[in-house]
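Right, one structure below, let's go through it.
The values are calculated or read from the model by the stated rules, or taken from the named source; none is laboratory data. Computed from a prediction, not measured in an experiment: that's the story for all the values here. Every residue, glycine among them, receives a Cβ derived from its backbone with ideal geometry; neighbour counts consider all protein chains shown. Quick note on the areas: whole protein, heavy atoms, side chains included, nothing else; ligands and nucleic acids left out. Shrake-Rupley method; radii C 1.70, N 1.55, O 1.52, S 1.80 Å.
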Amino acid sequence: MDFDNFCYIIYCPKNLNAAVVDPGNDSLKILEFIKTNNLKLEYIINTHYHSDHTSGNQRIKNSLSSRVIASKLDGNKINGGVDIFVGDNDQLNVGEVSIKFLLTPGHTPGGICLIINNEALITGDTLFIGDCGRTDLPGGSLKEMFRTIQDKIKNLPDHLIVYPGHDYGDKPFDTIGNQKLTNKTLLAKNLRDFSKLT
Ligand SMILES: [Fe+2]
């Protein structure tokens, strides 16, 4: 782990097809988990291009044949390249598990969030528990992050469980409904108020 990163492995309990989301420096642990559970890795999904979310891509790909997925805008900056580019509202199945992609710019120009089986929301560095991702790094945009939160994140159903890209909050995950009530970046009513938070 570096920077308290979270990496996620999505798999179908019936067919054992799997996808790994945001492998950083933990690729050996990931490979071990896949092997121990007899999973069939199909995809490596990167929520955005930053190296703490992508540095494990090559090692995993060299061990297990799999395809890398990212958005077009961020994918062009990922070392080792991307095999499948996804856009807003694209869908993909991993066995019987459905993944829907949302384009959520702000932290990076092509950051994506993943809705898994209409139950979980993997947010990368777009949304943390109690906060949102930085907008002051190259390619980041305060305005785009505000629009992403207002137009995309806040319109998602309350029951989804947010699984962020870093363990920066007071708990590792939470419902989006609870985050709408407690996360200061979701409570900001306008861009001026929002800009004072970051
Ligand atoms: Fe990041």
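What the table below lists for this structure:
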{"quantity": "Chain lengthening between ASN15 and LYS180 when straightened (0.36 nm per residue, less Cα-Cα)", "calculated": "55.9 nm"}
{"quantity": "In sequence order, calculated HN-Hα J values of the stretch 9-18 (Karplus, 6.51, -1.76, 1.60; Hz; x Gly/Pro)", "calculated": "10, 9, 8, 8, x, 7, 9, 6, 5, 9"}
{"quantity": "Volume in Å³ per residue [convex hull over Cα atoms, computed for the chain]", "calculated": "105"}
{"quantity": "Mean separation of Cα contacts under 8 Å, 6 or more apart, over the residue count of the chain: relative contact order %", "calculated": "16"}
{"quantity": "Spin-label model distance (nm) - SER51 vs LEU187, 7 Å beyond Cα toward Cβ", "calculated": "3.7"}
{"quantity": "Tail weight of P(r) past 14 Å, computed on alpha-carbon pairs of the stretch 105-148, percent", "calculated": "44"}
{"quantity": "Coordinate range along principal axes, alpha carbons of the stretch 20-95, Å, largest first", "calculated": "34, 27, 15"}
{"quantity": "With every protein chain in place, the chain: carbon and sulfur % of accessible area (1.4 Å)", "calculated": "50"}
{"quantity": "Relative contact order (%) - criterion: Cα under 8 Å, at least six apart; region: the stretch 70-152", "calculated": "23"}
{"quantity": "Gain on full stretching of the segment that runs from ASP158 to GLU119 - 0.36 nm per residue minus C-alpha separation", "calculated": "13.0 nm"}
{"quantity": "Distance violations [Cα-Cα > 31 Å] among LYS171/LYS196; LYS100/LYS189; LYS29/LYS180; LYS72/LYS143; LYS77/LYS154; LYS77/LYS143", "calculated": "LYS29/LYS180"}
{"quantity": "Residue-normalised accessible area of the chain, expressed per residue, 1.4 Å probe, Å²", "calculated": "47"}
{"quantity": "Antiparallel bridge percentage (DSSP; both residues within the chain; nearest 5)", "calculated": "60"}
{"quantity": "Percent of C-alpha pairs per 5 Å bin, the stretch 84-198, short to long", "calculated": "2, 13, 23, 26, 20, 11, 4, 1, 0"}
{"quantity": "In range of the label at ARG134: residues from the stretch 20-62 whose backbone nitrogen is under 16 Å from the point 7 Å along Cα→Cβ", "calculated": "48-54"}
{"quantity": "Qualifying trypsin sites (Lys or Arg not before Pro) in the stretch 27-135, DSSP loop, other Cβ atoms within 10 Å at most 16", "calculated": "ARG134"}
{"quantity": "In range of the label at SER141: residues from the stretch 73-87 whose backbone nitrogen is under 15 Å from the point 7 Å along Cα→Cβ", "calculated": "73-74"}
{"quantity": "The stretch 124-187, relative contact order [Cα under 8 Å, separation at least 6], %", "calculated": "43"}
{"quantity": "Computed [θ] at 222 nm, helices only, for the chain once each DSSP H run of length n ≥ 4 contributes -39500 (n - 2.57)", "calculated": "-5000 deg cm²/dmol"}
{"quantity": "Nearest-ten-degree value, helix 27-36 long axis tilted from longest Cα axis of the chain", "calculated": "60"}
{"quantity": "Interchain or long-range residues, amide H under 5 Å from LEU160's placed H", "calculated": "ILE176, GLY177"}
{"quantity": "In Hz, Karplus ³J(HN,Hα) per residue of the stretch 58-65 (6.51, -1.76, 1.60; θ = phi - 60°; x = Gly, Pro)", "calculated": "5, 4, 5, 5, 5, 8, 10, 4"}
{"quantity": "FRET E, pair LYS35, TYR168, Förster distance 35 Å, beta-carbon r, rounded to 0.05", "calculated": "0.70"}
